[in-house]
């Protein structure tokens, strides 16, 4: 009997990536549906997603194409960008990413697929890298404490403003900003200040600055060091003036320059009254490409007194149960997931991967290498200035590090045009002034080319050869750094590539990332970050573009932006979208700013009440507070749903002032609430707008659209639903999506030439260089594949819930017993039966080779599991078997066979050192501790520290590199 040959279309297999991304095949699906008790995937989805909100139409997203075809299409798009040599500066500088760092960190899934290090015992490697980052920042700025990265320099400055407002004695409401700070920083600060009622005053001259700081109406000041035009100045006397007024002195400082300049923390010639209070900036020039503006790790360092109000992650050193040093996230009680509307910031995702790159750049080069790079830049700048002087062009400031501000006498446009013709970009600072910034990549030929741009016809050109003798950086003696930095051995050891390679590998071996096993974190969507999606991020056509280069040099990015926005609108049902927010927290903030701007434009600026369910993620109330709204919490019922009676009462109570409600859908309890359309209509009837948090969008793409069932605004997490990797805690992208009447209020960017409301990120396109990842995902999946991914994620969550039902009941489910794409496992009763807590189960899972599910959110002492569509049935079963085995261990404790305080769960995780020690006085065997299931004997992940003492770490806060002697 003959069979029909496959068609050419079948052989071309345009949807090949579906099977690469989705871990479940047809045979697996049948087995899973049987366990769940459903006849088909369609029947399951129909029973999970309320029919009242189900999508009836296909998303307007192109059909899938192969990985090779998608890469070729994106390569053509990238080719429309024009990569010119950039001398623009303004906070963004070309540099050389060492190959050993590029290949083994930036392009290594062991680093980029890890999650935020909430589970300290399986995150020691990247936390050591982050402590190196913090130490690097502290040493270079001269400050006592620094956090583990911020989103960008501009938002770091805005956060510093609010940190100062919380921390100082001055009662004024004015924030003074030096007019020669970077323009994008000024704009983001102004955006942040307005809804908080803070007045930003710009000082555009020394006279204005002196007059403003002599006043009594301000609480803090900000200056750029060096300034955006290159000016240098040690402001010790000004700092003393500000301190005398009870204010805080904030400095935005260039870290490379600080290898040569007196750091702000050491201003005042030893007098603490003359030293800065907060120092912020970017680490971009420490090994991260220009990336059209991001992602780059910013930093914040501050006085010790401010540390408990400092935003962002802070990695500290504690001890483990064996008394050995161990890293952990410190002072978490100040963060949004705990403090909610009282948090210091809404920041959740930061910039961990770029921070690791920056710290490794410092480790690899060491203090002498960094100083050499900086001195070379400064020396070339001095040579450039000397040659220009010979040509009759003078720098406006004779003292500078890397930037010259040159008067052009009306020739600005012609010089800029000559530069473009020569293949370089310069910065048009003002009509009569051009700024030129040099960097690590600047060559002698570049300097001579720059001279040619300014030379008049017939003028003979200087040569570097002739001017280099005796050339010295244009840094006055009083500003030259004399203090040592980066003295810890980690910065003075790994300078050969072999040594660096092994150090990086040693750290990555300590961590558990997606390259080892599934990470079933609820509300985090740890899905595949496919290699084909990651390849384009280091293409020079994307990586080497300056964010403020002329628009016609960024055509490829513009088209990518347009296409991706269209696809995301199709996926969400919204009319407009901005990709500028560079984290989910920033997307929330931007979305609420949109709502606030809308109400103000309608003459309803008094609307300031934001309703938030008690189950909401902590970023929601923190974001509402950032835009000046008042948070009113609404109750949830016994099933975890929004209590509609309480919501109605709150809407009526606050009807005249209701601005918005923020909901997560499906809910943070992992359920599709059937009343969501009624909820939206209710809020609309009282004049409010509906914010639908996109944290759980992985359960909606293709099945339901927030913009269709009543949402007005949503943010997405491209680092969840659309495959940008979490990077150990960033970068992320948090696009804000809106309905048609809110489109005019989306974030703009004056520096980037985009209309709209104020900028929320330093760069017009935020973390632009990771957008190709989501573009590739959408292009290779197509509308059908994206919907299949959603349905498979729901299938996998329900399979886990069903398989574990007899061991750990699912806390919340729909009336038919199903969940959305995640489920909360009930463990609370074990505390009463045997003293076992959810944390004990989380730590014991490490011995089985798993990252724990989300611990104690949204319900204390539970585990929330989200498997995603990317995991295979074999991996799901391995996790389920581990959980069942742990339930058996709990039963042993319940039966009294193991003491409540001396059992494998309480001692978890087990390190190799603890298991191989001479003494073993526990009531279970070493084998039970190490190999609770037989498969672990073949492949085993070993935690390198025992359970970390969180209380000790906060009581004995230490956030710099551990002294070597502590490891002895």
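Side notes on the structure shown:
- Segment 603-642 and segment 116-150 have their alpha-carbon centroids 32 Å apart.
- When each of 80, 85 is scored by the number of other beta-carbon atoms lying within 10 Å, the sequence from fewest to most is 80, 85.
- Across segment 185-220, the residues whose backbone nitrogen lies under 14 Å from the label position 7 Å along the beta-carbon direction of residue 171 are 216-219.
- Look at where the Cα atoms of segment 397-468 and of segment 765-834 average out, and the two centres are 55 Å apart.
- Enclosed volume per residue, in Å³, of the convex hull spanned by Cα atoms of segment 504-561: 155 Å³
- Expressed as a fraction of 2.2 N^0.38 Å, the C-alpha radius of gyration for segment 536-780 is 1.00.
- Here the extension length gained between residue 952 and residue 204 equals 264.5 nm, from 0.36 nm per residue of separation less the Cα-Cα distance.
- Sites residue 492 and residue 103, calculated FRET efficiency, Cβ-Cβ separation with R0 22 Å, nearest 0.05: 0.40
- Separation in nanometres of the label points that stand 7 Å from Cα toward Cβ, at residue 901 and residue 418: 8.2 nm
- Here each label is just a point 7 Å from Cα along the line to Cβ, and for residue 96 and residue 635 those points are 6.7 nm apart.
- Protection proxy ranking for 119-131, 258-270, 529-541, using the average of other Cβ atoms within 10 Å per residue and placing the highest first: 119-131, 258-270, 529-541.
- Against the main long axis of the alpha-carbon atoms of the chain, helix 67-78 sits at an angle near 30°.
- Of all DSSP-defined beta bridges confined to segment 120-361, some 40% are antiparallel rather than parallel.
- Packing order of peptides 722-729, 554-561, highest average first: 722-729, 554-561 (average count of other Cβ atoms within 10 Å over each peptide's residues).
- Angle between the chain longest axis and helix 444-454 axis [Cα atoms, degrees, rounded to 10]: 60 degrees
- Share of alpha-carbon pairs per 5 Å distance bin for segment 120-361, given as whole %: 1, 7, 14, 19, 21, 16, 11, 6, 3, 1, 0, 0, 0
- With both residues required to sit in segment 536-780, DSSP beta bridges show an antiparallel share near 30%.
- Potential extension, residue 833-residue 12 segment - 0.36 nm per residue separation minus Cα distance: 289.7 nm
- Fraction of antiparallel bridges per DSSP, the chain only, in percent to nearest 5: 55 percent
- Per-residue ellipticity at 222 nm, computed for the chain from helices alone with -39500 (n - 2.57) per DSSP H run of at least four residues, works out to -11000 deg cm²/dmol.
- Burial ranking of peptide ranges 586-596, 656-666, 395-405 (average Cβ count within 10 Å, highest at the top): 586-596, 656-666, 395-405
- Normalised by residue number, the volume inside the convex hull of the Cα atoms of the chain is 179 Å³ per residue.
- Estimated distance in nm for a label pair at residue 935 and residue 445, the labels positioned 7 Å out from Cα along Cα-to-Cβ: 5.6 nm
- Spatial separation of Cα centroids for segment 497-552 and segment 182-219, in angstrom: 38 Å
- Tilt relative to the chain, helix 873-894 - C-alpha long axis, 0 to 90 degrees, to 10: 70 degrees
Read-outs throughout are calculated quantities, based only on the coordinates presented, and are distinct from any laboratory measurement. Everything quoted here is computed from the prediction, not taken from an experiment. FYI the Cβ positions are ideal-geometry reconstructions off the backbone, even for glycines, and counts take in every protein chain you see.
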